[in-house]
Amino acid sequence: METVIINWNDGSPELEAEVNGGSFIVEEKPEFPTDLSVVTLDYSNGNEVTLNNARIIECASVDGRYWFTIQEIPQDVIDKAETQAKIDYLAMMTDVDLEEAI
């Protein structure tokens, strides 16, 4: 059985989980930190993976335990969200209704 130690950027306690494919399995849902800007996965086989700007995705449980995966958010998705936030802010500050403008 392969395991992984998950280390969080903010110094939250590390989490040990069982690995099944791309999913991680623990007995119960942990309290995940809000800062997922850097997450390090140290696998029992010696591999180490660093994820930047990650997100937790809950998986379906087949055995009553908590299954999840950690996915890196692509930079282009982050860039689009930041651009949209700037557009929304400018529209709000200039009192422009973007729904009517389209």
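The values are calculated or read from the model by the stated rules, or taken from the named source; none is laboratory data. Everything numeric here is computed off the predicted structure, so don't read it as measured data. Heads up, the Cβs are rebuilt from the backbone with ideal geometry, glycines too, and the neighbour counts pull from every protein chain shown.
When residues of segment 1-51 are filtered for being surrounded by 14 or more Cβ atoms within 10 Å (Cβ to Cβ) and not in a strand (DSSP E or B), how many remain?
Residues flagged as surrounded by 14 or more Cβ atoms within 10 Å (Cβ to Cβ) and not in a strand (DSSP E or B) within segment 1-51 amount to 6.
In segment 48-62, how many are over 9 Å from the mean Cα position of the chain (by Cα) and modelled with pLDDT of 95 or more?
Final tally of qualifying residues: 5.
If you scan segment 20-47, which residues turn out to be of a type in the set (A, V, I, L, M) and either free of Cβ contacts under 8 Å to residues at least 24 places away in the same chain or farther than 12 Å from Ile70 by Cα (or both)?
Val26
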